[in-house]
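Note sheet for the following structure.
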Amino acid sequence: MVEVKNLTKYYGNIKAVDDISFTVETGEILGFLGPNGAGKSTTMNMITGYLSSTSGTVTIDGSEILDDPKKAKSKIGYLPEIPPLYIEMTVRKYLEFMFDLKKVKLPKKEHIEEVMRLVHISEQSERIIKHLSKGYRQRVGFAQALLGNPPVIILDEPTVGLDPKQIIEIRNLIKSLGKKHTVIFSSHVLSEVSEICDRIIVISEGKIAADAKTDELSTQVLGNQKLAVQIEGNSSDIIAAIKKIPAVVRVIKTGEQNDAGKYMIEYDKDSNIRRDVFNAMVRINCAILDMQSGNETLEDLFLRLTSGTVKSSAGGK
Ligand code: ADP
Ligand code: MG
């Protein structure tokens with residue numbers, strides 16, 4: 001089990017991670033989803049003890065990463081964004097080297113064979129790493145993370161730069177790992193996270209924007225009805241007028257077309273606000289050009305959660 005409590009990281013004056021808390025249970029696959037610069041790598045580096053936090057704690061199976069780094073680290077297999085490969089070594093030599101470095105207690109030869117088999121790299125075992133393709137190198141990094149059979153596996157954007165076939169292989173590998181391990185993997189691709197993971201944490205600007213079971217993400221975060229409208233007139237007046245309607249939870253401007261702004265109005269699911277919006281716009285003399293129900297796709301939801309303009313209704317739990 002991984003427990004992250006109030007994790008915060010400053011780089012100088014920049015707050016890269018802002019008070020993140022969550023718990024991952026054994027056997028869970030958690031997707032850490034967010035755009036570039038959201039704070040995914042910084043968080044993972046703190047969870048794995050590669051980077052100290054400014055404040056907050058990380059506990060791995062009861063061991064605090066900073067109090068007892070050896071013990072906590074021995075429970076984690078980590079594939080960082082840039083895998084720590086010694087590219088002059090052969091795959092086997094490198095894995096033997098990492099095996100010794102990690103002081104793994106399992107039978108060396110058999111264990112390395114097993115790990116290579118698992119990531120489908122056995123046939124490349126005698127090749128020098130620098131001669132391998134990006135996909136194979138990634139698998140070597142993956143193999144390194146699996147050495148010692150750690151209960152917690154952390155993977156930082158493991159599919160970046162791979163071709164579609166390799167991506168599918170890595171995804172399948174992650175899914176199979178999830179049966180026995182606790183897996184946290186990061187990605188900026190919603191579709192792969194929703195395909196692989198039991199649970200998704202959306203991170204945006206260092207904060208948790210949503211934390212939900214994959215199939216409950218949209219209902220949990222939305223929970224409200226949506227109305228997509230297109231209205232002519234001054235945006236700030238329009239937004240202010242709509243916000244005054246009691247049932248409205250939030251309004252965002254989603255675009256502009258032919259001098260009319262497009263807005264997404266989120267409102268309490270038990271009310272019907274079409275008439276209220278109409279009356280409000282009449283009062284400020286703005287013409288409504290279009291009004292329709294705005295059911296969001298998961299993709300829209302992700303964009304909205306990470307756009308930095310919207311406060312989230314789901315928080316770090
Ligand atoms: P992600 O992995 O989600 O792309 P990062 O954790 O790498 O995000 O970065 C989060 C923020 O912290 C970004 O704004 C990034 O520019 C900043 N950052 C990351 N590493 C450093 C560093 N070593 N020094 C200063 N700023 C950093
Ligand atoms: Mg990163």
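The values are calculated or read from the model by the stated rules, or taken from the named source; none is laboratory data. Please read these numbers as outputs of a predicted model, since none were measured by experiment. Here the Cβ is made from the backbone with ideal geometry for all residues, glycine too, and neighbour counts use every protein chain on show. Please note that ligands, DNA and RNA were not included when accessible areas were found on the heavy atoms of the full protein model with its side chains. Shrake-Rupley method; radii C 1.70, N 1.55, O 1.52, S 1.80 Å.
Only residues that are within 12 Å of ligand 2 (Cβ to nearest atom) and either of a type in the set (A, V, I, L, M, F, W, C) or over 21 Å from N13 (Cβ atoms) (or both) were counted in region 35-50, giving 3. Annotation: of all residues in region 134-145 being crowded, with 23+ Cβ neighbours inside 10 Å and farther than 17 Å from Y50 by Cα, the one that is nearest to ligand 2 (Cβ to nearest atom) is Q138.
Hey, which of the strands (runs of 3 or more DSSP E) in region 175-272, taking only ones fully inside, have at least 2 residues that are more than 28 Å from K75 (Cα to Cα) and not polar (S, T, N, Q)?
Values: elements: 182-187, 199-204, 207-213, 225-232, 248-257, 260-267.
In region 175-272, the matching strands (runs of 3 or more DSSP E) lie at 225-232, 248-257, 260-267.
Among the residues of region 155-175, which ones are without any contact (Cβ under 8 Å) to a residue 40 or more places away in the chain and either of a type in the set (S, T, Y) or farther than 14 Å from R139 by Cα (or both)? T159, P164 - these are the residues of region 155-175 that are without any contact (Cβ under 8 Å) to a residue 40 or more places away in the chain and either of a type in the set (S, T, Y) or farther than 14 Å from R139 by Cα (or both).
On the stretch given as region 139-174, residues that are within 16 Å of the chain's Cα centre (by Cα) and not β-branched (V, I, T) total 5. Among the criteria (1) within 32 Å of the chain's Cα centre (by Cα); (2) open to solvent by 60 Å² or more (accessible area, probe 1.4 Å), the one V248 does not fulfil is (2). Of the residues making up region 174-206, those that are open to solvent by 40 Å² or more (accessible area, probe 1.4 Å) and within 16 Å of ligand 2 (Cβ to nearest atom) are H188, V189, E205. Screening Q257 against (1) among the polar types (S, T, N, Q); (2) modelled with pLDDT under 95; (3) more than 30 Å from N36 (Cβ to Cβ) leaves a single unmet condition, (3). Among residues of region 73-90 that are of a type in the set (V, I, T), those with a beta-carbon under 9 Å from a residue that is assigned to a loop (DSSP other than H, G, I, E, B) and open to solvent by 60 Å² or more (accessible area, probe 1.4 Å) at least six positions away or on a different chain give the pairs T90/E126; T90/R127. The helices (runs of 4 or more DSSP H) located wholly in region 8-104 that include 3 or more residues which are open to solvent by 20 Å² or more (accessible area, probe 1.4 Å), out of contact with any Leu (no Cβ under 7 Å at 6 or more places or on another chain) and at pLDDT below 95 occupy 69-74.
Against the numbered list (1) out of contact with any helix residue (DSSP H, G or I) (no Cβ under 6 Å at 6 or more places or on another chain); (2) on the phi < 0 side of the Ramachandran plot; (3) surrounded by fewer than 21 Cβ atoms within 10 Å (Cβ to Cβ), N149 comes up short only at (2).
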